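Okay, structure first, notes after.
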Amino acid sequence: MSETNTNVMHTLDSEDPLNRYRDLFFHGNSDLIYLDGNSLGRLPRATMNHMRSIVADQWGDDLIRGWGKHWMGLQSKVGNKIAKLIGADEGEVIVADSTTINLYRLALAAMLYQKQHHRTRIVTDNLNFPSDVYVFEGITDIIKGSRVDIIPSADNISGPVNDLSKALDDHTALLSLSHTVFKSGYTYDMTEITAQAHDAGALILWDLSHSVGALPVDLKKSRADLAVGCCYKYLNGGPGAPAFLYVRKELQQKLSNPTTGWFSQNKMFEMELEYDPAATIRRFTSGTPPVLAVSAIEPSLDIFLEVGMDAIRKKSLGLTDLFIGLFDQHLAQLGFELNSPRKHKYRGSHISVGHEEGWRINQSLIQEMNVLPDFRPPNNIRFGFTPLYTSYVDVYTAVMRLRQVVTEKLYEKYSEEKSEVT
């Protein structure tokens, strides 16, 4: 690395108003350049002390009394903090289960509601996360006559906006998309797509897993109906952290939870056999929540609420602009392809680059270059830029090491056989 370029990066970091938040996260290996926060966020230092208190004081000392003192409203308490990050009102978001379970719950609820209007189609695209599509296909096994229509992207990078609009008709019950798609980072215009769905009489369900904590989301302004998202990526809630769901307040009494349970019951401790759903967002939960796991999400959310999503987005664009500029200068001529949008409007906070040796290059970065991204088939190396703890020096150093891997053919020593986790 040239001394001049390194000095420029250090200057950018010293002038970065978010730089002071970097040390709020645990860095076990201070030399590691971690660019996979879009898959698993770093551990906030505050979470360690917070969890010690939850375990020792609440579980240890309060025991069963903890439910009345702390835990009964925990799902909504944490959900209301997430609501502030995604433009939702209080009482519209709750933490529960996994993203897939929440997606199933809301998609099936929407389909059962729309069935009365003889609407039986689910429309999505081929950029959606595969497990979302699995959910939709499973629903067609339950609702007779329903089907899933998957609209292809022309370049496998950008959303097929025009084709999606054409696909919506008076038989469409639900349009469901990833707001930011997992491979390319392409981000839909939520307001535009939601309006198209509503014009066709369809409900819309957004997967925010690669958006929440990465860029501003405004569910209320866009008039979104339903949304789900995970808490272990940009929100730093820990591996396998519980997910969240959003139901627009006007729909909460119209939709029925197809996975009813004790926690969705109105007066749950009266132990009545007849089911009477709660009148709040709690009606879309099911069983007892994992208190420790839900608790672990909260400290990171407090950091996000202090910083604000506009500041996070500004730095995210700065980091990704830098990466793309360095890509053009140092990587484009080495067989790499940029598989993410260049325009800010359509760019999330992770960038994919393709190379015919993508898998082996990725392994070389991880095994010997101390750079940790991830890989998605067929040839994408994904670099996640998490503004709270990724620095400009990190970005520059990662690109230089990536260039070295290719120019010196360091990847050739690695097998083409894929590991179980990529």
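The values are calculated or read from the model by the stated rules, or taken from the named source; none is laboratory data. Fair warning: this is a prediction, and the values are worked out from it, not measured in the lab. Reconstructed Cβ throughout: ideal geometry from the backbone, glycine too, with neighbour counts over all protein chains shown.
Between 94, 157, the distinction of being crowded, with 17+ Cβ neighbours inside 10 Å, in contact with a Gly (Cβ under 7 Å, 6 or more places away or on another chain) and either closer than 21 Å to residue 262 by Cβ or assigned by TED's automatic domain parsing to the domain that holds residue 217 (or both) belongs to 94 only.
The rows are residues; the columns are (1) outside any helix (DSSP H, G or I); (2) touching a residue at least 60 places away in the same chain (Cβ under 8 Å); (3) within 30 Å of residue 352 (Cβ to Cβ).
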site: 22; (1), (2), (3): no, yes, yes
site: 29; (1), (2), (3): yes, yes, yes
site: 38; (1), (2), (3): yes, yes, yes
site: 42; (1), (2), (3): yes, yes, yes
site: 53; (1), (2), (3): no, no, no
site: 56; (1), (2), (3): no, no, no
site: 60; (1), (2), (3): no, no, no
site: 65; (1), (2), (3): no, no, no
site: 69; (1), (2), (3): no, no, no
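It is to be established whether one or more residues within region 73-88 are on the phi > 0 side of the Ramachandran plot and touching a Lys or Arg at 6+ places or on another chain (Cβ under 9 Å).
To start, the set of residues in region 73-88 that are on the phi > 0 side of the Ramachandran plot comprises 87.
Of the ones still in play, those that are also touching a Lys or Arg at 6+ places or on another chain (Cβ under 9 Å) are 87.
Yes: region 73-88 contains one or more residues that are on the phi > 0 side of the Ramachandran plot and touching a Lys or Arg at 6+ places or on another chain (Cβ under 9 Å).
All conditions but one from (1) farther than 20 Å from residue 208 by Cβ; (2) in contact with a Pro (Cβ under 6 Å, 6 or more places away or on another chain) apply to residue 313; the one that does not is (1). Kindly establish whether residue 105 is of a type in the set (D, E, K, R), modelled with pLDDT of 95 or more, surrounded by 17 or more Cβ atoms within 10 Å (Cβ to Cβ) and in a loop (DSSP other than H, G, I, E, B). In short, no.
There is at least one residue in region 248-258 that is out of contact with any His (no Cβ under 9 Å at 6 or more places or on another chain) and of a type in the set (Ser, Thr, Tyr). Restricting attention to region 169-199, the residues that are in a loop (DSSP other than H, G, I, E, B) and either crowded, with 21+ Cβ neighbours inside 10 Å or under 18 Å from the mean Cα position of the chain (by Cα) (or both) total 8. Among residues of region 327-356 that are in the same structural domain as residue 207 (by TED's automatic domain parsing) and at pLDDT 95 or above, none has a beta-carbon under 9 Å from a residue that is crowded, with 20+ Cβ neighbours inside 10 Å and basic (Lys, Arg) at least six positions away or on a different chain.
Taking the numbered list (1) out of contact with any strand residue (DSSP E or B) (no Cβ under 8 Å at 6 or more places or on another chain); (2) part of a helix (DSSP H, G or I) in turn, residue 111 passes all entries but (1).
Filter region 364-401 for residues that are touching a strand residue (DSSP E or B) at 6+ places or on another chain (Cβ under 7 Å), farther than 25 Å from residue 314 by Cα and among the hydrophobic types (A, V, I, L, M, F, W, C) and give the result. The answer is 365, 366, 375.
Summed over region 216-229, the residues that are touching a residue at least 40 places away in the same chain (Cβ under 8 Å), surrounded by fewer than 24 Cβ atoms within 10 Å (Cβ to Cβ) and either part of a loop (DSSP other than H, G, I, E, B) or within 12 Å of the chain's Cα centre (by Cα) (or both) give a count of 2. Scanning region 241-259 for residues that are closer than 23 Å to residue 37 by Cβ and part of a loop (DSSP other than H, G, I, E, B) yields 241, 242, 243. When the residues of region 5-47 are filtered to those that are closer than 28 Å to residue 367 by Cα and polar (S, T, N, Q), the one that is surrounded by the most Cβ atoms within 10 Å (Cβ to Cβ) is 38. Within region 1-47, restricting attention to residues that are of a type in the set (S, T, N, Q) and over 25 Å from residue 233 (Cβ atoms), which residue is nearest to the chain's Cα centre (by Cα)? Selected residue: 14.
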